[in-house]
Amino acid sequence: MLRENGGVLDQLSELMDISLMGLSFYLIINLYEAKGVFTDLDIPLSYFLFFFIYILLWILSANAYRVYGSRRFMSLRRELIQLTKAHFLAFAIALVLLSLYNPRFINNRFVFYYEATVLLLTFSVHILIRVILQGMRKSGRNTRYALLLGSGPAAKQFLDKVHKNPQLGYRVIGYLAPERNGANLHYLGDYGMLETVLKQKIIDIVVVTASISDEGIKECLELVNTMGKNVVIMLDETVSKVARSRPVDFGGLPMVAYDSYPRRPWQEAGKRLFDFWMTAIGLLLISPLLGLIALAIRFTSKGSVIFAQERVGLNGRVFKMYKFRSMVQDAEKQKEKLTHLNEMTGPVFKIKNDPRITPVGGFLRRTSLDELPQLWNVLRGDMSLVGPRPPLPSEVNLYDPKHRKRLAVKPGITCIWQISGRNEIDFEQWMEMDAEYVDKWSLWLDVEILAKTVPAVLMRKGAS
């Protein structure tokens, strides 16, 4: 399983920057106290108001300048320029607002000291994080796996860039082309092998080094989009604008990224921050309930309290998903004898009155309390609070290409299917709901699904 350790640092970057702004404010306040300008007891409220206005403006300007996008394709110079622009925009607007309200509202020298300190601290920490991430990528961690479509000079140029820049964290697993070109890279077959390769390999990004006017490339792009994979295309004279495309700079190589879903890197970071803090707080609040459930399982049936099972996550990554055990100890061995009772269409196995479920397990399933240990998966980054439910590897092996689009995002504890009737919905409708979630995602949609999950659980809609 591929661990995305470095990604957590990126996703927490905004919170870190806000913390650094708070530290800067604290340092300048202490400097003014040391100079005798004011003491702990008489710090003007206007200074705190300035700080909170600045934070609010920073969040808006940082999103506008996409400060928290992936830094793999971004040079250090570009990253620092984006930081500077975002800070100066927040600084300028805050200064204008305060000046219009009251020119003497706050000491101008204090504001400039504060801004200089913020820039110094954020620059230093961002450079440090970049060094750490590059070190991780050079050592083989936080790796992204790429598949090339095409061969020739463009493919060689891309490979040279990857080999000379291990800090980018990319590993090319091979290439597809009409014929083998003798390159020192694993030849995986012609373009007709694309579906098979995407099913069998962990692929995070597909890189098109052939001209998109080449025979077969159009069909490849359609298949990749259907299966929920992101694509970057090396620019040439044939590239035209398409929906959800964006320019990227791959270490100096101009490309266009074709996103199969609309989520931007800063939105990914916001979703991860939301997941992390909501989950951390939630685990603290429900820890007594978790203990009671564990005791109930322990004293009413044989076997472990926690049931761990391999599930498929983002882009085919396999991880251990945790649940409270709700079945008898040898439930998996009994499954083959019950396959003829399956009530769900498609590759999913579900029985309304499953004889393997224990009395306590039945209650946990009806109330969805058996899912609570997955909060640990969310905290680890394997899952999200909201997203398509994680499938079994055996189920994924039977997916059609269109079904694999649900693997384009992290799986979740709850989803549209969860609040819409669950087992009352057939397999194809379920897959369509997940594809719609991938295409229309927003943080507000996540909040809406979470809000609807509580009444759906209480009403036991579609639970079995």
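See the values below:
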read-out	value
Where a residue in segment 170-191 is closer than 22 Å to residue 202 by Cβ and its partner, wherever it lies, is in a loop (DSSP other than H, G, I, E, B) and β-branched (Val, Ile, Thr), with Cβ under 6 Å and at least six apart	171/143
Counted residues, segment 23-82 - those being at pLDDT 85 or above and touching a Ser or Thr at 6+ places or on another chain (Cβ under 7 Å)	3
Residue count for segment 410-421, restricted to those that are surrounded by fewer than 20 Cβ atoms within 10 Å (Cβ to Cβ) and closer than 15 Å to residue 386 by Cα	1
Leading residue by the ranking (nearest to residue 447 (Cα to Cα)) among those in segment 258-289 that are at pLDDT below 75 and not polar (S, T, N, Q)	263
Qualifying positions in segment 43-92 - assigned to a helix (DSSP H, G or I), within 20 Å of residue 131 (Cα to Cα), touching a residue at least 12 places away in the same chain (Cβ under 8 Å) and among the charged types (D, E, K, R)	78, 79
Among the residues listed as 170, 191, 145, the single one being of a type in the set (Phe, Trp, Tyr) and over 22 Å from the mean Cα position of the chain (by Cα)	191
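The values are calculated or read from the model by the stated rules, or taken from the named source; none is laboratory data. Small disclaimer: the values here were computed from a predicted structure and weren't measured. Every residue, glycine among them, receives a Cβ derived from its backbone with ideal geometry; neighbour counts consider all protein chains shown.
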